[in-house]
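Colleague: What follows is a single structure, and I will ask about it in a moment.
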Amino acid sequence: MTAPDPAVVPAVDPAEFARTMAHVPTPVTIVTTVDAEGRRWGFTASSFSSLSLDPPLILVCPARTASCHDAFVSTDRFLVNVLAADQEELAKSFARSGTDKFAGTPMVPCEAGLPGLPGATARLLCSLYDVLDGGDHSILVGRVESVTAGEAEPMVYYNRHFTRPGNHPALTPA
């Protein structure tokens, strides 16, 4: 299959694309790592997905403009914390730039000593498998080394709001 000729494909308005994608519910995660100097890094990501079962791979996409970007594209390992429905303030805190994101948080050393969240819906310890170009983001492909599943209801990002599946009619099973 060949790619369509860019001259023939109509341009998608970026604002309309963003409005449309807001209607796709996504899990909310905080991704963490520690660099060679021992500094902790983290960011909130709703661009997270499973990619492969064999080998077990996930992807997460940090913005190229994020202050933590270089730490993540050069790390050996990172930890994906899938947030529980009651962890909205943490999601907001790790989405901000220019602050100490770890100050006052319940983050503790977890898998491989990386910052993790007790009470998270799940945690996935990943080794960096590949880094791909994703436009204004990088695509980190992580090989899953271990998983921890909790019991908490997950948080999702839908229509530009943090919510839980049971609180939104569009996300409630029929």
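Read-outs: derived from the displayed coordinates by stated rules, not from any lab. The structure displayed is predicted, hence computed values, not measured ones. Counting neighbours? That spans all protein chains shown, and the Cβs are built from the backbone with ideal geometry, glycine included.
Colleague: Answer yes or no as to whether residue 108 is on the phi < 0 side of the Ramachandran plot, buried (at least 21 other Cβ atoms within 10 Å of the Cβ) and in contact with a Pro (Cβ under 7 Å, 6 or more places away or on another chain).
Modeller: Working: on the phi < 0 side of the Ramachandran plot: yes; buried (at least 21 other Cβ atoms within 10 Å of the Cβ): no; in contact with a Pro (Cβ under 7 Å, 6 or more places away or on another chain): yes.
No.
Colleague: Going by the conditions given, is residue 33 out of contact with any Pro (no Cβ under 9 Å at 6 or more places or on another chain) and of a type in the set (Ser, Thr, Tyr)? Explain how you work it out, then say what you get.
Modeller: Numbers: out of contact with any Pro (no Cβ under 9 Å at 6 or more places or on another chain): no; of a type in the set (Ser, Thr, Tyr): yes.
Judged against the criteria, residue 33 is not a match.
Colleague: Right, next: Of everything in the range 50-68, what is surrounded by 13 or more Cβ atoms within 10 Å (Cβ to Cβ) and under 18 Å from residue 143 (Cβ atoms)? Give them in sequence order.
Modeller: 51, 52, 56, 57, 58, 59, 60, 61, 62
Colleague: Here's another thing I want to ask about it. With (1) hydrophobic (A, V, I, L, M, F, W, C); (2) surrounded by 21 or more Cβ atoms within 10 Å (Cβ to Cβ); (3) over 15 Å from the mean Cα position of the chain (by Cα); (4) farther than 12 Å from residue 31 by Cα as the list, and residue 114 as the residue in question, which single condition is left unmet?
Modeller: Against the list (1) hydrophobic (A, V, I, L, M, F, W, C); (2) surrounded by 21 or more Cβ atoms within 10 Å (Cβ to Cβ); (3) over 15 Å from the mean Cα position of the chain (by Cα); (4) farther than 12 Å from residue 31 by Cα, residue 114 comes up short only on (4).
Colleague: So, one more: Quick one: count up the residues across the range 20-42 that are over 16 Å from residue 122 (Cα atoms) and in a loop (DSSP other than H, G, I, E, B).
Modeller: Matching residues across the range 20-42 total 9.
Colleague: Moving on. How do the pairs read when you match residues in the range 50-64 that are farther than 17 Å from residue 77 by Cα with residues anywhere that are surrounded by 13 or more Cβ atoms within 10 Å (Cβ to Cβ) and among the hydroxyl-bearing types (Ser, Thr, Tyr), using Cβ under 8 Å and keeping only pairs 6 or more apart or on different chains?
Modeller: Hits for this filter: 64/138.
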